[in-house]
Structures are given as structure tokens and as C-alpha cells.
Amino acid sequence: MTEVFPQRPPTIGVVGPASVETTLRDIQGSLDVAVSIARAERDTPGTLEEFDCVIAAVTPESASADRTDAGTVASLTDVSEWAVHNAARDTAPPVVLVAPTETSLTEPLEAGVTEYLPWKLLAQSPTTVLRRAVTATEEITTDYRTIYENVSEPLTLHDPQTGELIHANQRLCELLRYDRSELISMEVGDYTAGIEGYDQAAAMEVITSATEGGTVGPIEWPLETADGEHVWVEATLTTVTIDEQELVLSTATDVTDRRRQRRQFREISTRIDEVVYLARADLSEVLFINEAYAELFGQPVDRVYDDPMAVLDAVHPEDREAYRSDLVAMSEHIRGEESGPYTFSHRLRVDGETRWVEVSGYPSRGPGGAVDRIVGVIRDVTDARRREREYEQIFNGVTTAIAVHDPDTGEIVDVNDSYVELFGYDYETILQQGINGLSVPDEGYTGARAKELITDVAENEEDETVEWRIETAEGEHRLVEANLTVATVGGRRRVLGLIRDITEQRRREREYEQIFNGVNDAIAIFDPETISFVGVNDSYHELVGYDDLERIRELGIEGLSATEEGYTAERGKELIRTVARTGEPKTVEWKVASPNEEQSWLEVTLATAEIGGKQRVLSIQRDITERKRREREFEQIFNGVTDIIGVYDPQTAELLDVNDTMCELLGYDRETIVAMDPAEVTATALGFDAETIGEVVRDVAESGEPARELEWALRTANGEVVWLEVNATLTEIGGEQRVVTIARDITRRRDREERVQVLNRVLRHNVRNDMDAVLGYAAAIEESSERESVKEYAESVRDLAESLLELSGKARAAGQMLQDHDQPEKSQNRTVLESVVADLRDSHDEATIQLDSTETPVPVDAAIFRLVLSELVENAVEHGGDSPEIEIETTTATDGGETQITVRDNGPGIPDRVLTPFRAEGETPFQHNHGIGLWLVNWGVRNLGGGVEFERPADGGTTVRLSLPNEPG
């Protein structure tokens, strides 16, 4: 292969007396290397670039003041001034000054003269002088070679005519994993990835363009490593001249990660309904815009690719100029010193419809750190559909800074332009500041620590990579990764520091770590190939009860799961494989076992993700043990109660679930009932419409108000009709809104009510009419018969008939009392008492009735209270003997809660059998009352919200106490 730094014979120029040139020509053949010697013209500086080194000679004769042959020799002043002037030029070759020892050398050496040699050495050993000049040329070549080999970016040199790879630095060899000898033997097309449009012919076009235009790029190019892996680089090609040979230099940056981020950016943008765009910072070109643009702006995306200002055609005419101004302002703001996000809103007018859009732009920095692109989002906010999204800015490339250190002192002796740009200081200030002044000593990044690292690398000659915190000229603290390596620079042994800014990388890692370990959900990351744990977050450690990741890996899925209940490792692995293969997320419930043998329920969502450039399966786990416990309790209550329960969808009124009680009542299983048409179980023959229950469900769902005591008839599997009293309410079950109906079987109650109604009708109408006829017949018999015995029989019949009529009247009164009264007549109890006592005194003149009543604030239902009091007093009169004495007294409780009415008589005492209505067991076929008077008392007092007690004092008689609330509910 062709050497990148060819060892051609160096050309040595001579400035000074012609005798010096002659002397050097005479001995040039004694050197072990070929050398060319020529005269260097002092008056033509531009010609010096053709020499590899210049010897400027001042003879003792030229230094003496009495010499006048200036045309023969160079004066000391002329040569010294020439050396000072040319040694300071950037493009000048090394200058070796040969002069008498008495010559002042301060100014030439400060100007940059490479080396000083005494005149005596030239006179005694001109070979040594010539050899030192050749050595100076070799040191320059070594300097360039060292930096070329140690720069962190891939570099190549190409023949501009053939495209042949002349040389590649070590970084490219490492990137492509080839030996240099292998790589040099290949064409560019041989290590170019097999992607359409990228081959040897395309590479030649790029190289030729660089030759013709001077610089090409940056362009992106796909390479293929020795392992077959594809990597993308961003390359800039420029022509350079090395040893009079024109070559094409390619400087590349690995942008594989950047392209991956860009691909992810494109994939994400195609899945959202917002417009996502990427444009140059000056808005001269749109680099990418998704298809959502066409729908929102009413024009194909090709238009905005052709002309970025085509967006204005869709802007409302009244907003068009303002929109244009905001675009310009956004570009200027993002490219300014205080670059940051920029947002504005305007109207669109598309197909006659006006829409509001919000345009956001964010700066995106290129490899050099300057803002070169705008990435942004355009949202349709007409209906306030604002969706917050986070976009990660794409940073292109990494800046490599190089510092050259003295291996003994650790001091900085040289830095490159990237290093200057990184810190923001000028070159001289960086050298003055030193490592300590450029670092953050308060955090342990001191000059002493840096010196120790540098000297260790120099002594051991082993590369070392460390992280270091620096402080820029603006006072900003940044984190860098420094790779320290030993190299020879300028013929001297040095330690190179290759520095890469990793501030953003570490920030993203911290953010990822904070998010990963900050969320409440437990997260585990699996390798889809090995189904092994790659990592877990803090919440996962807490969930499973193990702090050590290695212990979790050792246990695996099997050791962490309730395998005896079917949650096996094979089942878990198959789920992970399925998600990895299909890419579709999957949510399952899983049971785990902790170290304390407690079992927990988890809701596990499995999904694929790319982490660190590798495909992984995320397992996001939420503890639902408490929810499962509540579900079990709900299930137990749901199926354990005797009430009949149905669960309905509030939107469709579809029956979703029923409890066991309903299944038992209707004689169907749960699945059958849920699947049946409501009309199949509704007693439609009795006038019930199946659609009505749907209307009830929807009304409850819409109003949020419950429906109370609806009566409904259903037909069971065996054809029987059952009556239900239904209450419906809106509630939440399992996180979903549902309408729940809770019903009671009232079939027996309705049967009883029906029988009571029939019996009441018979008692009130049929019996009364027949007894009136019996009374008429008895009266006729009594009047027409002359026999006393017949008259006595007729009188007995009349008494029985009147008794039955009285009983019928009381039954009628009971029926009326037990009916609901919407607006009952209310009176104060004293008023009713006085009225009742007056009536009873008139009808029972044989009795003494005494009333001792105080006014109490108890409003009562007058009809019921009169009936209750009349029955109690009549009962006292009936059982009080020939001259009954009855005392009625009212008192108010001290706490004002109730009023007590006491009725006392002096009779023999009420018999036990008469108190049947007040016993818990009520009447039986063998123990019952002969009338319904006390039943009326019992029912009436309960209707009034009060209570009644009977007492038989030791001295005789009966005492009855009524308790009525002062504020009836």
C-alpha cells in the first residue's frame, strides 16, 4: 500500500553564505538517507513551502562589523531578521539557525526557530548539522502521524482519480473490525453495506465531487463490519496535499444511534394524528413531515418539500402575514444565543372550514453544538384537543477534544480547536488555567488527581478511561469522558487526553433511571431470547421482597410464582415469547409468592421495547391483591344475599350478570339468563313489557337518581309467575359504571293482600247486607209471634246480628285506617280526647269517665287517634262492671321526646286471652281473641308511630299506657 506519509528524500533549503551550501552539498552523500539541498531565496517567502527544513547560517565573518561584501555573505542582521520573520509563519518549514556563540538568540528562539547550532559545529562536523536538519523534518511527520492515528473519528485517504483507499486510521479499523492490511486491500464498495444506491460507483462519484468542488458533505453512508453488522457514518470529504500529492481526506462520525433515533422519530410520527416536521434552522428546507400534514393543511406533503412556504396557502388570509412573521421569528429565536422552544397559534382555512393550529418548534443541535435544525409539532386545537407529547432532541455526533499533557508534570502543553470550542476559552487562557482551573475541584476533580492519573498512564503505558467534570467559560459544569493514552508528539513522549462530552448522555441515563425507579408500578426487563431478567426497578424489588438482582435471576419466573396454582415458569416464558414474536402487548393476571410465603395477585402487562439498542420485553406489574380481595368479597356478598340482583350496562341496558338468588328463583343458570331475551322471562301476559326495564335502566343512568319500589312480574323456567319489588341505582363495579337492580320476592305478600282484599270486601259488603236482612227478619218474627220463647230467640238472633254488624263496622274502620293517607287530618291530642270523652259519656251514662289532660304539642291523625282511644275506653267500660270508673290522664316526658296517655279502670282486670294482639306470636287456632277491637288499638298505635303497654295492678283494674312521639316522622 502507499504510505500516508511517504519517506521521500527531504529537501533542505540554505539561507546564508554560498560556502555553506557548497559545504553541505559536499557531505550529503555521507548520510544514511538521501537528501536534496538547494538555495532558499530570502526575498521570496512564498517559495519556502517547497522545503522540508531551512538552515539559516551566519558565519563569523558575516558577524563582524567591517565586512562589506554583502553580495557574497549574508549579514547577521539580515539572517536573524529572516529567521524571526519566517519561523513565526504557520506555513513555514522548521528553521535551524547556525550562528556564532556570541550572537543574540533571544528573539529568534522566541519567534519559533526550531533549533540553534553553533557555527563551530558546522565548521567541525557539517554532517551533524545536516543530520539535525533531516531529524527536524522527521519530527513534524511524526507529530501529524500521532494525531492522525489517535483521533477518535474514522479517517481515510483516497486517490482522487481511482478512489483507491490509500490509508485508514486505527479508529476506522476498530469500527469495521478489520486489520489495516485487510482494509487497505479493499475498495470502498467492498465495505459498503448492500443497500440500494450505495456502491463503488456511487462512492467514486462522491470522491470525484470532492476533487472538483473542494469539499463534499456531510453525507451519510452505510458501512458493513467484518461481522456483517451495518453501521452508518456521516462523512465530510475534502482535498488535501501531502508531500506534493493531492489526496481526498474523508472525516467520518458514527451516526448509527442518531439514525436509529431518527427512524424511531419517523415511526412515532406516522402513528400520531399530529403534524410532525423536521426542517433546517433557517426554514430553507423541510427535511421530514408526516402524512398528517396533508389532512390538516389540505395539500400533499410534496408541496411543502418543494417549497416550505407552501404552508401559507392553507393559512387564513387574515392570519397569513402574521403566520409568516412568526415562522421567521421562530427561526431567528431558535438560532439565537438564548435558543429555546417557540410556539405560536393561528387559523387555517381549508375547504371552507376554519381551524386553529398550534405550531411548536424546538432547536436541534448538530455535531458542532450549533443549532442547525428545527423539530416541531403542529396540533389541531380547534376542539381543544391538546395532547402533551415529549420529544427527545436529536443530537448529531460527538465532539472529540484533544489535549497534550507533559507525562511528568501533567501540565497541558497543547490542545486542538475542538478542545477550545468545548471549554469556550481561547488557546492561551486554557494553557494558563491548567487542568485545575478547567475542572471542578470542589467535587474532587483536582489538578493533583489529574496529574496522578496522567503519570500512572505514562508509567504503565496502559490506556485508561475516566469520567471528569469540567467548568466552561460560561461557568457551566459538564461531564466528559477522557481516554488517556501515551504517544510521541514533536519527538517527545506525551500523554494524549481524548475527551468526549457525555453530559447529555448521563442526563438521559439519570432521567431513565429516575423514571424507571420512580414509578409505582413494578417493572422487569426480559431478554426475549433467553427469557432471563435483564433488570428490574426499585418497585419490583419491593414487590417480590428481594433486594439482590442476582437472587431474582437465580430464582427466575418459577421461583417467584405460585407454581402449585398453575403459574409456572413455562407458562410465563411462553407469554414472553408470544409477545416478542407478535409485538402485540398482552395483559394477564399472575400470582406470585414472596419470601415470607405470602401470595399476591398481579396484573401484568407485557410489551416489546427497544432499550439500549436491543429488543426487550417489558413486564409492567401492578399489585391487585386488594382488588382481588374486594372482588371476592363482592362475589360472596353478591351471591350470598337473599335479594335478587341484576347488573346492567347503563348505555345499552344489556343484562351483564345476575346473582345466585336470581338463578334459583327463575330456575336457569347464570349464562342462560344473561343470554336470554328479556321478553322470555317477563310475564308479558300480565301486561308487562320487556322494554320497560330497559327504559328504567337508561333513566337511572342518565339522571343518576335511583328508581324505588317498582313492581315487576317474571315467569320462571317451570312457568310460574313471581312478583318482584325492584329498586334500581347507578353504581361503580370493577371501575365501570353499572346500573344495579335489587329486588325482593313479594309474591306471597301480593297473595296475602289479594286474599285480605277479598275477605274485606266480603266482610264489609256481603256480611253487612246479609245481617241487615237478618235483623229485619228477627224484628218481623219478634213482632208477629205471640210465643215468648220465639220472641226470646228472635231477640237473641237480633243481638248476634247487631254484634256481627258492629264487628263488620270495626273491620271497615280497620281497613280505612290501614290505607295510606296522603293528607291525613291532623289535630292536637287534647282536642280529640275531649271529643271522644264527651261522646262516650253520652253513650255510657252508667260509667264515670274522668279526663285529666294538659295541652301537649302532639299533632295526631284525628281519625286513627279517635278510633284507638274509643276502643280502649269502651273496653274499660265493657270490663269495668255495673258502675265502671275510668280515668284518662296525659303527661309529657321530661326530655320532650314523647307524650304518654294513661287509661285506668276499676274492673276485674283484662283477661290474658284478650291481649293476644300484643304478643309476638299473635293468634293461633287454639288461642285467639273474639273481636278485633284490641287489634285496632295495636294497628292504630303502630300507625301513629307509638307504643302501648297493658298492666294489671295488684289492687285490681287495668292500666293502659299509650306513648306517642311529639314529632311524628
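The values are calculated or read from the model by the stated rules, or taken from the named source; none is laboratory data. The model shown is predicted, which means the values in this text are computed figures rather than measured ones. So basically every Cβ, Gly included, is an ideal-geometry build from the backbone, and we count neighbours across all protein chains shown. Remember, those area values only see protein heavy atoms, side chains included, never the ligands or the DNA or RNA. Shrake-Rupley method; radii C 1.70, N 1.55, O 1.52, S 1.80 Å.
Yes or no: the stretch 237-250 includes at least one residue that is at pLDDT 85 or above, open to solvent by 30 Å² or more (accessible area, probe 1.4 Å), within 47 Å of the chain's Cα centre (by Cα) and small (Gly, Ala, Ser).
no
State whether the residues of the stretch 860-870 include one that is over 23 Å from GLY957 (Cα atoms), touching a strand residue (DSSP E or B) at 6+ places or on another chain (Cβ under 6 Å) and either buried (at least 17 other Cβ atoms within 10 Å of the Cβ) or modelled with pLDDT under 80 (or both).
yes
For GLU967, all conditions in the list (1) part of a loop (DSSP other than H, G, I, E, B); (2) at pLDDT 80 or above; (3) of a type outside the set (Gly, Ala, Ser) hold save one; what is the number of the exception?
(2)
Go through (1) within 23 Å of ASP861 (Cα to Cα); (2) modelled with pLDDT of 80 or more for GLY956 and report which single condition fails.
Just one mismatch for GLY956, condition (1).
Show the residue pairs that are 6+ apart or on different chains and have beta-carbon atoms under 9 Å apart, the first residue being within the stretch 318-343 and among the β-branched types (Val, Ile, Thr), the second being part of a helix (DSSP H, G or I) and surrounded by 12 or more Cβ atoms within 10 Å (Cβ to Cβ).
Close Cβ pairs (under 9 Å, with a partner that is part of a helix (DSSP H, G or I) and surrounded by 12 or more Cβ atoms within 10 Å (Cβ to Cβ)) amount to THR343/MET330.
Does VAL774 count as under 23 Å from GLU680 (Cβ atoms) and at pLDDT 75 or above?
When the stated conditions are applied, VAL774 does not pass them.
For GLU709, all conditions in the list (1) at positive phi; (2) open to solvent by less than 70 Å² (accessible area, probe 1.4 Å); (3) in a strand (DSSP E or B) hold save one; what is the number of the exception?
With (1) at positive phi; (2) open to solvent by less than 70 Å² (accessible area, probe 1.4 Å); (3) in a strand (DSSP E or B) applied to GLU709, the lone miss is (2).
Restricting the first residue to the stretch 451-463 and requiring it to be under 10 Å from HIS405 (Cα atoms), which pairs with a second residue that is in a helix (DSSP H, G or I) meet a Cβ separation below 8 Å and a spacing of at least six or different chains?
The qualifying pairs are LYS451/ILE435.
Within the stretch 410-421, how many residues are open to solvent by 30 Å² or more (accessible area, probe 1.4 Å) and either modelled with pLDDT under 90 or among the aromatic types (Phe, Trp, Tyr) (or both)?
7
Within the set of pairs 6 or more residues apart or between chains, which connect a residue that is in contact (Cβ under 8 Å) with a residue 12 or more places away in the chain inside the stretch 536-555 to a residue that is assigned to a helix (DSSP H, G or I) and loosely packed, with under 15 Cβ neighbours inside 10 Å with Cβ atoms less than 6 Å apart?
ASN537/ASN517; ASP538/ASN517
Within the stretch 252-286, how many residues turn out to be at pLDDT below 85 and open to solvent by 20 Å² or more (accessible area, probe 1.4 Å)?
18
Name the residue, out of THR894, THR854, THR916, that is hydroxyl-bearing (Ser, Thr, Tyr), modelled with pLDDT under 70 and in a helix (DSSP H, G or I).
The unique qualifying residue is THR916.
Give the number of residues within the stretch 296-340 that are open to solvent by less than 20 Å² (accessible area, probe 1.4 Å) and among the hydroxyl-bearing types (Ser, Thr, Tyr).
The total comes to 2.
Suppose we filter the stretch 648-696 for residues that are touching a Pro at 6+ places or on another chain (Cβ under 8 Å) and at positive phi; how many remain?
0
If I filter the stretch 337-385 down to residues being in a loop (DSSP other than H, G, I, E, B) and closer than 26 Å to ALA252 by Cβ, which single residue comes out as modelled with the highest pLDDT?
Here the residue is ALA370.
Would you confirm whether or not the stretch 533-551 contains a residue that is under 17 Å from ASP623 (Cβ atoms) and over 28 Å from the mean Cα position of the chain (by Cα)?
no
Checking the conditions here, which among ALA123, ALA111, ALA74 is open to solvent by less than 20 Å² (accessible area, probe 1.4 Å), at pLDDT below 85, more than 30 Å from GLU212 (Cα to Cα) and among the small types (Gly, Ala, Ser)?
Criteria check complete, one pass: ALA74.
Take VAL579 and decide whether it is within 30 Å of ARG260 (Cα to Cα), touching a residue at least 12 places away in the same chain (Cβ under 8 Å) and touching a Lys or Arg at 6+ places or on another chain (Cβ under 8 Å).
When the stated conditions are applied, VAL579 passes them.
For the stretch 464-477, give me each residue that is open to solvent by 40 Å² or more (accessible area, probe 1.4 Å), under 34 Å from the mean Cα position of the chain (by Cα) and touching a residue at least 12 places away in the same chain (Cβ under 8 Å).
Listed by number, the residues that qualify are GLU467, ARG469, HIS477.
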